[in-house]
Ligand SMILES: [Zn+2]
């Protein structure tokens, strides 16, 4: 996709174009910003623009048609290395960085990026999920970061600077990506033909918090239905824990056997809940939340009989955010869910947040 189709990050395009034109492109970049705003897409477009066969790299504009452009888009270009956290792991395994025990330093990213570029131009590695890089993984990268091979480019994609180890942070140029605006999310939904009408695009974009990934999730009507059902459950969270475990379990089971899809659904339950308590908190503070959607109506109904104060809503929100991190850390899902329901009910009941 050309730069014109990547919305919201024009400043970053300009910045890279200037560096390339001046011949001052750094060798390691750390892309940070919320999930689902297009950081990885940006990294891939940058790789295409640098490797395009037809256009000079100083233009930083991929033609989109040559073999190199197509190979980068299809993740088959010999000069582009992709590394990400496997679905069943909580960290990026060192094997992906330095090879397995039998092939230490003769395989993996650190070895491959030091090879001469096949195209004669750049060797580019994109490490996704860099929030999941542990100390051991970071140590493996250290030599590559300190003495980057000529014509090499390492792009680390994470969510925040604070989540990175100091050794990585201090050796990278930070590139920040902000959340998308609501009209940008709408535009992307329409362009990707994820929704049928402008009205649906607007409705979904309003719920997406500036994340196209989240918007695409809600473009699936099943997800929207679950969001509504689960929000109604949260309004009166006093049924027995097995009831909630069953509702969430059914939703997760619908994803099939794929571990990463199941995890994404579990995480989504916590995200919906986090949003719910965040909006409760705003409402309890007497502030008007934007939008008059169905969730807002539920929240206003509930605020009327909520006696716990905004701090209880804040504690619930915090517990949801913690659960999101635990899903990312690959905690056992059944246990995680059980503890989360229990903690939430304790918080709500102890403070008598919901009067009868
Ligand atoms: Zn091209």
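The values are calculated or read from the model by the stated rules, or taken from the named source; none is laboratory data. Because the structure is predicted, anything quoted here is derived from the model rather than measured. All Cβ positions, even for glycine, are placed from backbone atoms using ideal geometry, and neighbour counts span all protein chains on display.
Scanning segment 137-188 for residues that are in contact (Cβ under 8 Å) with a residue 60 or more places away in the chain and not in a loop (DSSP other than H, G, I, E, B) yields a total of 17.
Quick one: would you say residue 201 is free of Cβ contacts under 8 Å to residues at least 60 places away in the same chain, under 19 Å from the mean Cα position of the chain (by Cα) and crowded, with 17+ Cβ neighbours inside 10 Å? Criteria not met by residue 201.
Quick check: anything in segment 310-327 buried (at least 18 other Cβ atoms within 10 Å of the Cβ) and not in a helix (DSSP H, G or I)? For segment 310-327, residues buried (at least 18 other Cβ atoms within 10 Å of the Cβ) and not in a helix (DSSP H, G or I): absent.
Residues in segment 73-90 that are within 13 Å of the ligand (Cβ to nearest atom) and in contact with a helix residue (DSSP H, G or I) (Cβ under 6 Å, 6 or more places away or on another chain): 77 alone. Which residues, counting only those in segment 49-67, are near the ligand (Cβ under 7 Å from one of its atoms) and under 21 Å from residue 112 (Cα atoms)? Listed by number, the list holds a single entry, 52. If you go through segment 43-60 and pick out every residue that is touching a helix residue (DSSP H, G or I) at 6+ places or on another chain (Cβ under 8 Å), surrounded by 14 or more Cβ atoms within 10 Å (Cβ to Cβ) and not in a loop (DSSP other than H, G, I, E, B), you end up with 10. Of all the listed residues (302, 281), the sole one being buried (at least 16 other Cβ atoms within 10 Å of the Cβ), without any contact (Cβ under 8 Å) to a residue 40 or more places away in the chain and assigned by TED's automatic domain parsing to the domain that holds residue 232 is 281. Every test in (1) assigned to a loop (DSSP other than H, G, I, E, B); (2) surrounded by fewer than 18 Cβ atoms within 10 Å (Cβ to Cβ); (3) within 13 Å of the ligand (Cβ to nearest atom) is passed by residue 70 save one, and that test is (1). Condition check for residue 40 on (1) more than 15 Å from the ligand (Cβ to nearest atom); (2) part of a helix (DSSP H, G or I); (3) over 16 Å from residue 178 (Cβ atoms); (4) touching a strand residue (DSSP E or B) at 6+ places or on another chain (Cβ under 6 Å): one failure, at (3).
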